[in-house]
4 protein chains.
Amino acid sequence: MIIVIQCTDQVGRVAAISGVLSQEKLNIVSLREHVDIEQNHFYMRVHVEQDAPAAALTEKLRAVLPADAIVQVNPRPEKKIVVMVTKEYHCLTDILVRHHFKTLGAQVQCVIGNHTTLQNICERFDVPFCPVLHDPADKINFEAAIHDIIGQYKPDYIVLAKFMRILSPGFVAQFPGRIINIHHSFLPAFAGANPYKRAFERGVKMIGATAHFVTDELDEGPIITQQIIPVNHTYTSTSMVKAGREIETSVLARALQLVFDDRVFVYKNKTVVFE
Amino acid sequence: MIIVIQCTDQVGRVAAISGVLSQEKLNIVSLREHVDIEQNHFYMRVHVEQDAPAAALTEKLRAVLPADAIVQVNPRPEKKIVVMVTKEYHCLTDILVRHHFKTLGAQVQCVIGNHTTLQNICERFDVPFCPVLHDPADKINFEAAIHDIIGQYKPDYIVLAKFMRILSPGFVAQFPGRIINIHHSFLPAFAGANPYKRAFERGVKMIGATAHFVTDELDEGPIITQQIIPVNHTYTSTSMVKAGREIETSVLARALQLVFDDRVFVYKNKTVVFE
Amino acid sequence: MIIVIQCTDQVGRVAAISGVLSQEKLNIVSLREHVDIEQNHFYMRVHVEQDAPAAALTEKLRAVLPADAIVQVNPRPEKKIVVMVTKEYHCLTDILVRHHFKTLGAQVQCVIGNHTTLQNICERFDVPFCPVLHDPADKINFEAAIHDIIGQYKPDYIVLAKFMRILSPGFVAQFPGRIINIHHSFLPAFAGANPYKRAFERGVKMIGATAHFVTDELDEGPIITQQIIPVNHTYTSTSMVKAGREIETSVLARALQLVFDDRVFVYKNKTVVFE
Amino acid sequence: MIIVIQCTDQVGRVAAISGVLSQEKLNIVSLREHVDIEQNHFYMRVHVEQDAPAAALTEKLRAVLPADAIVQVNPRPEKKIVVMVTKEYHCLTDILVRHHFKTLGAQVQCVIGNHTTLQNICERFDVPFCPVLHDPADKINFEAAIHDIIGQYKPDYIVLAKFMRILSPGFVAQFPGRIINIHHSFLPAFAGANPYKRAFERGVKMIGATAHFVTDELDEGPIITQQIIPVNHTYTSTSMVKAGREIETSVLARALQLVFDDRVFVYKNKTVVFE
């Protein structure tokens, strides 16, 4: 059973929490705690050997913690997600395959696409595909349609798996800390459009990918994880795009695994990740 | 202040320890705990914000822990080490430079060499060099001489920085968990002599290095850290040796940093490393 | 257009080959040449800007090269492969997805399984699945049945994508340099069975995967590529298996890409890989 | 013997060059050729087994190449360098140690420092230290003094090993393609001052270092090599600085090795690196 807690820090937090667990005869097999001293904020992830009724334990933990505490006992073991895509398949198929073989750690409820390119592959995996075609002149209705679909499914997270439209701040604000994006550069380098083309022009010797939560500032949200691969003079911007797909797939998969395992805490514009 | 503890596991260990710290008004800013369920063994490393008298706190912690507990409050912030070398300079100079600029986290008391090749570089850094020349016919006196030198300095750790003689089980037994070696392969591949030559002959595409504690079985002691670098068909065994030096230096430096920061626990033939 | 050549070495090889290409007005945009001095063996991969009739150019190149030369002008741009599997899906689905979206660089002709576990996923991708169930008492008929299926398809390569049966030397001998396997360790460490269990017991700090050509000595064939990922004390052998899947998938994908791009030369028990 | 050539591209370049080498009975053991099609520019690095008189061979090669060709036969096997530093030791000591043990591949002629902090360590290695203290109000005389010192030594390269002053475009223009800098970020991220502080504030999960040639645009010159290391929420900007030193040292060492081995070509704002 996993327990995750964050709240303002104070002497005695670990003692209070572990005291409750000890009284309940729960054995802690792995504990990670971190205090952000600058922000005076406390983060903890506990893995206990036994199971216990979540509601009762949550109440006992809340009783020894401040009012601002976020306490999750045995968070939903299988998250629900909606995936959004455009035309590129690689991040989506990685998710669909893991979902199909029950190794994703989440339930894919539907895939929303602003093109129909990826409808067929979703159907092969028996996952509902919802096309929401994009009329550039009418972003309001476009986002409203997406919002309606999401509203039907009530997912824990919305995963932008190479969704190439920028969502408006108003849309993003409705899902704070719940939209995960994969960006095809090692942010903050090459934020915005065409990162591989700019990487090629600059002559960099490595390209990267960044998984992050989406906020109302483009490519500025809290970073979950990043990786890079080496490139060299033989790469064109086209072959960088191709090589980059491998790292985009891998980084998004890793970020989702961390989030679904309840290892990622968001506070202000940063994450704490207990890997 | 750092506190490290290991003992047999039981429900309530974290509560007992953090309870003592809370009573002493000590704020935990970082805590790592791990239980090896198979061995029923408990490991914890705590970083607290404030300092406290070590002896008194140790006593209070021991009072709530079983008799087998190893408790270190504020372990010696600067370890004392003796370094042993043969002819290769790269690991030694990395240690000497960091020591000189006070970034090693340890005090180099002396360097023991079974050749005099590296005497000059030690002198340039004002570090005592003790030659103990090796008579292959007389290993007993060789090791006795080394033992005498170490006995004068009483180091916390003995670092084999490319020391190319095999120490006898009898010698090793006198410093359990205190001799650190750098081996020039990713163990368990290529244990023993001439790893690069054998790597070349096998046609591997990566070579590695392993820092480990020395036990009486050659290259079989608990591993602290390992790294690899890619190689290819253009490498000869000679150029693998040259490339390998970079990774050997880097792996040993990393291992020493982890050990000197009290992040490494040894139990039976494995380590727990709270990076 | 790609040209690959290997033969015994002699002064003037590059001049002879590039002389032919120059006469044909073919511009070399990328050239990699390597001589294994120990073996006196010459390897070259040339990328030329223009296309040319392959048969005529091959003849002209052969005319300036020794009789033992292997010359391939414009090797089949899309290789044909047969994939062999047991129960684990991850390497297979990576191949099926790339094949489906035409980014594999090869045509998957059929999948042979010694269990039917993966039949369904092959059907979802419209790829023929041929079950050849294994009777441990009758390896001869088992391999004969596999041989028959392969005989129908005449693939360029046979890819063992987590096929967990050992093929007999007699079987392997029929496809020299054409069977590619993914082994779940950084060979030569943990050759043979249960590498993750043994890695766990040894307490290594990294696990790896190796793609290699299969020869009649188990896990001893020429290595194409290898990668590793870090692990630590929190991993059980089960979680090493899970983490290892990521690297197995990635290493096999990389090896196939290199082979399908005609970047891999095999000579005796080693490879030359022009990455 | 190494031969490096760059010039405009045309059909027949490789044939012309290898024809000359073949006539001279020189055996090519390794050849790397690359054409930048966009720029119509040709790059080649050849390793031949035998030695030959450089001047005569250069003349014969020039005779078959266009007027813009840069031909170097057997480039100076040991480059001469001047190193410039401020207060941080780590890149300098790495250079001094390799120089001392004759594994740098270059001759350190002197070290110029705008502080005297590193004078002592240079003296320990018997390397001349030239202090050129910096008067912020008088950059012209500061750079003139540096220029005078460099003028005495006529180095092949000037290595900025954590030299924390920005050199004026006028100064840089006098040493085109000959000043190598280590920047403490993965450029183009965090160009300019205080990269670690900004990396901390952004919450990145990796930090890097970049070795590049210096041009008149700050941190915009041709990149030679880059590497990154992972960081996480436990890092402060101070511990990022500390961790970053390891990667800065390693990246600069790698870049120097590549340059001193004649593997790096500069053309416009990019490099071709034959690793």
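The values are calculated or read from the model by the stated rules, or taken from the named source; none is laboratory data. Model, not experiment: these values are computed from the prediction. Neighbour counts are summed over all protein chains in view; Cβ atoms, including those assigned to glycine, are modelled from backbone coordinates with ideal geometry. Please note that ligands, DNA and RNA were not included when accessible areas were found on the heavy atoms of the full protein model with its side chains. Shrake-Rupley method; radii C 1.70, N 1.55, O 1.52, S 1.80 Å.
Within the stretch B:195-207, can you find the residues that are within 8 Å of chain C (Cβ to nearest Cβ) and not in a loop (DSSP other than H, G, I, E, B)? Outline the logic, then answer.
Narrowing the stretch B:195-207 to residues within 8 Å of chain C (Cβ to nearest Cβ): B:202-206.
Of everything in the stretch B:195-207, those that are within 8 Å of chain C (Cβ to nearest Cβ) and not in a loop (DSSP other than H, G, I, E, B) turn out to be B:Arg202, B:Met206.
Listed conditions (1) part of a helix (DSSP H, G or I); (2) among the charged types (D, E, K, R); (3) surrounded by 15 or more Cβ atoms within 10 Å (Cβ to Cβ); (4) within 14 Å of chain D (Cβ to nearest Cβ) are all met by B:Glu88, apart from (1). Assessment of the stretch B:218-234 against the conditions (under 24 Å from B:Val108 (Cα atoms), touching a Lys or Arg at 6+ places or on another chain (Cβ under 9 Å) and part of a loop (DSSP other than H, G, I, E, B)) yields at least one matching residue. Residues being open to solvent by 70 Å² or more (accessible area, probe 1.4 Å) and touching a residue at least 60 places away in the same chain (Cβ under 8 Å) are represented in the stretch D:157-172 by at least one member.
Before we move on, is B:Ala211 closer than 22 Å to B:Val85 by Cβ, within 13 Å of chain C (Cβ to nearest Cβ) and in contact (Cβ under 8 Å) with a residue 12 or more places away in the chain? When the stated conditions are applied, B:Ala211 passes them. Out of all the residues in the stretch B:143-152, is one or more of a type in the set (Asp, Glu), within 14 Å of chain D (Cβ to nearest Cβ) and touching a residue at least 12 places away in the same chain (Cβ under 8 Å)? Scanning the stretch B:143-152 turns up no residue that is of a type in the set (Asp, Glu), within 14 Å of chain D (Cβ to nearest Cβ) and touching a residue at least 12 places away in the same chain (Cβ under 8 Å).
Within the stretch B:96-107, can one find any residue that is away from chain D (no Cβ under 14 Å), farther than 19 Å from B:Thr215 by Cα and of a type outside the set (A, V, I, L, M, F, W, C)? I'd like the intermediate steps shown before the answer.
Let us first name the residues in the stretch B:96-107 that are away from chain D (no Cβ under 14 Å), namely B:106-107.
Retained after the next criterion (residues that are farther than 19 Å from B:Thr215 by Cα): B:106-107.
Now narrow it down to the ones that are of a type outside the set (A, V, I, L, M, F, W, C): B:107.
Yes, the conditions are met somewhere in the stretch B:96-107.
Taking the stretch C:236-275 as the range and being of a type in the set (Phe, Trp, Tyr) and buried (at least 20 other Cβ atoms within 10 Å of the Cβ) as the test, the residues that pass are C:Phe260, C:Phe265, C:Phe274.
Conditions (1) without any contact (Cβ under 8 Å) to a residue 24 or more places away in the chain; (2) facing chain A (nearest Cβ under 10 Å); (3) buried (at least 23 other Cβ atoms within 10 Å of the Cβ), marked per residue:
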{"residue": "D:Ala193", "(1), (2), (3)": "yes, no, no"}
{"residue": "D:Thr215", "(1), (2), (3)": "no, no, no"}
{"residue": "D:Pro222", "(1), (2), (3)": "no, yes, no"}
{"residue": "D:Gln227", "(1), (2), (3)": "no, yes, no"}
{"residue": "D:Pro230", "(1), (2), (3)": "no, yes, no"}
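Filtering the stretch D:35-68 down to residues that are in a strand (DSSP E or B) and open to solvent by less than 20 Å² (accessible area, probe 1.4 Å), which residue is nearest to the other protein chains (Cβ to nearest Cβ)? Checked the stretch D:35-68; the qualifying residue nearest to the other protein chains (Cβ to nearest Cβ) is D:Val35. Checking D:Ile28, D:Ile3, D:Ile70 one by one, the residue that is at pLDDT 95 or above, more than 25 Å from the chain's Cα centre (by Cα) and more than 14 Å from C:Val29 (Cα to Cα) is D:Ile28 and no other. Here A:Thr238 clears all of (1) among the β-branched types (Val, Ile, Thr); (2) away from chain D (no Cβ under 11 Å); (3) over 25 Å from D:Gln39 (Cβ atoms) except the condition numbered (3). Output yes when any residue across the stretch B:74-95 is modelled with pLDDT under 95, closer than 30 Å to B:Arg45 by Cα and of a type in the set (Asp, Glu), and no when none is. Yes, that holds for at least one residue.
Can you pull out every residue in the stretch D:131-145 that is touching a His at 6+ places or on another chain (Cβ under 9 Å) and farther than 17 Å from D:Leu118 by Cβ? Before the answer, list the steps.
Taking the stretch D:131-145 first, the residues touching a His at 6+ places or on another chain (Cβ under 9 Å) are D:131, D:133-134, D:142.
Within the stretch D:131-145, D:Phe142 is the sole residue that qualifies.
Among the residues of the stretch A:178-187, is there at least one that is under 19 Å from A:Met84 (Cβ atoms) and in a loop (DSSP other than H, G, I, E, B)? Yes, that holds for at least one residue.
B:Pro222: at pLDDT 95 or above and either touching a helix residue (DSSP H, G or I) at 6+ places or on another chain (Cβ under 9 Å) or more than 17 Å from C:Gly203 (Cα to Cα) (or both), yes or no? Judged against the criteria, B:Pro222 is not a match. Only one of the listed residues (D:Ser30, D:Ser18) is surrounded by 21 or more Cβ atoms within 10 Å (Cβ to Cβ), among the small types (Gly, Ala, Ser) and facing chain C (nearest Cβ under 7 Å). That residue is D:Ser18. Per the listing C:Asp126, C:Asp94, the residue uniquely under 22 Å from A:His90 (Cα atoms), among the acidic types (Asp, Glu) and in contact with a helix residue (DSSP H, G or I) (Cβ under 6 Å, 6 or more places away or on another chain) is C:Asp94. Quick one: how many residues across the stretch B:110-138 are open to solvent by 30 Å² or more (accessible area, probe 1.4 Å) and not β-branched (Val, Ile, Thr)? Final tally of qualifying residues: 14.
The set of residues in the stretch A:118-136 being in contact with a strand residue (DSSP E or B) (Cβ under 8 Å, 6 or more places away or on another chain) and in contact (Cβ under 8 Å) with a residue 12 or more places away in the chain consists of A:Leu118, A:Gln119, A:Cys122, A:Val127, A:Pro128, A:Phe129, A:Cys130, A:Pro131, A:Val132. The residue of the stretch D:139-156 that is least open to solvent (accessible area, probe 1.4 Å), among those that are more than 18 Å from the chain's Cα centre (by Cα) and aliphatic (A, V, I, L, M), is D:Ile146. Residue check: C:Asp94 meets all listed conditions (1) farther than 20 Å from C:Gln152 by Cβ; (2) surrounded by fewer than 21 Cβ atoms within 10 Å (Cβ to Cβ); (3) among the acidic types (Asp, Glu) but one, namely (2). Could you please find all residues in the stretch D:178-191 being within 12 Å of chain A (Cβ to nearest Cβ), in contact (Cβ under 8 Å) with a residue 24 or more places away in the chain and crowded, with 22+ Cβ neighbours inside 10 Å? Those that are within 12 Å of chain A (Cβ to nearest Cβ), in contact (Cβ under 8 Å) with a residue 24 or more places away in the chain and crowded, with 22+ Cβ neighbours inside 10 Å: D:Ser185, D:Phe186, D:Leu187.
Which residues, taken from the stretch D:130-155, are outside any helix (DSSP H, G or I), of a type in the set (A, V, I, L, M, F, W, C) and in contact with a helix residue (DSSP H, G or I) (Cβ under 9 Å, 6 or more places away or on another chain)?
Answer for the stretch D:130-155, where residues must be outside any helix (DSSP H, G or I), of a type in the set (A, V, I, L, M, F, W, C) and in contact with a helix residue (DSSP H, G or I) (Cβ under 9 Å, 6 or more places away or on another chain): D:Cys130, D:Val132, D:Leu133.
Among the residues of the stretch D:252-274, the one identified as among the polar types (S, T, N, Q) and either in a helix (DSSP H, G or I) or closer than 18 Å to D:Met1 by Cβ (or both) is D:Gln257.
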